[in-house]
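Q: I'd like to ask you about the structure that follows.
The values are calculated or read from the model by the stated rules, or taken from the named source; none is laboratory data. No experiment lies behind these values; they were computed from the predicted model shown. No Cβ is skipped: glycine too gets one built from the backbone with ideal geometry, and neighbour counts run over all protein chains shown.
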Amino acid sequence: MKSFNFTVKDPMGIHARPAGLLAKMAKTYPDTAITLTKGEKTVKMTQLMMLMGLGVKTGDEVTVSANGASEDAAIAALEKFFQENL
């Protein structure tokens, strides 16, 4: 299992556009379970509505975790996406 923490810098937090892109990206790794955790809540990143339901805002710290055959590639791609877009 691989993971990283990230503090959201986007003024709008994780809203519809980045949430949709994250869900789409997570689906490209079907052999890996990818989750996003905010506080006590953890959701599968492939579930768009659950992802948006976390209500991640600017300044919130989240943890992205990947567990499976492609966890290294998934974490690398997601960490890059978070740094560039959120």
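Q: Looking at segment 25-59, which of its residues are among the small types (Gly, Ala, Ser), surrounded by fewer than 16 Cβ atoms within 10 Å (Cβ to Cβ) and without any contact (Cβ under 8 Å) to a residue 40 or more places away in the chain?
A: Of everything in segment 25-59, those that are among the small types (Gly, Ala, Ser), surrounded by fewer than 16 Cβ atoms within 10 Å (Cβ to Cβ) and without any contact (Cβ under 8 Å) to a residue 40 or more places away in the chain turn out to be 39, 53.
Q: Ok, one more. If you check every pair at least six apart or on different chains, which have Cβ atoms under 8 Å apart with a residue in segment 60-86 that is farther than 18 Å from residue 19 by Cβ first and a residue that is charged (D, E, K, R) and surrounded by fewer than 19 Cβ atoms within 10 Å (Cβ to Cβ) second?
A: Listed by first residue and then by second, the contacts come to 67/2; 68/31; 69/31; 70/31; 71/2; 72/2; 75/2.
Q: Would you say residue 55 is outside any strand (DSSP E or B), of a type in the set (Gly, Ala, Ser) and at pLDDT 95 or above?
A: No.
Q: For segment 37-46, name all the residues that are in contact with a strand residue (DSSP E or B) (Cβ under 9 Å, 6 or more places away or on another chain) and in a strand (DSSP E or B).
A: 37, 38, 42, 43, 44
Q: What's the number of the only condition in (1) modelled with pLDDT of 95 or more; (2) touching a helix residue (DSSP H, G or I) at 6+ places or on another chain (Cβ under 7 Å) that residue 18 fails to meet?
A: (1)
Q: State yes or no: is residue 16 buried (at least 16 other Cβ atoms within 10 Å of the Cβ), small (Gly, Ala, Ser) and at negative phi?
A: The answer is no for residue 16.
Q: Among the residues of segment 4-36, write down those that are assigned to a strand (DSSP E or B), within 12 Å of residue 78 (Cβ to Cβ) and of a type in the set (Val, Ile, Thr).
A: 32, 34, 35
Q: Take segment 15-41 and flag every residue that is over 13 Å from residue 86 (Cβ atoms) and within 10 Å of the chain's Cα centre (by Cα).
A: Answer for segment 15-41, where residues must be over 13 Å from residue 86 (Cβ atoms) and within 10 Å of the chain's Cα centre (by Cα): 23, 26, 34, 35, 37.
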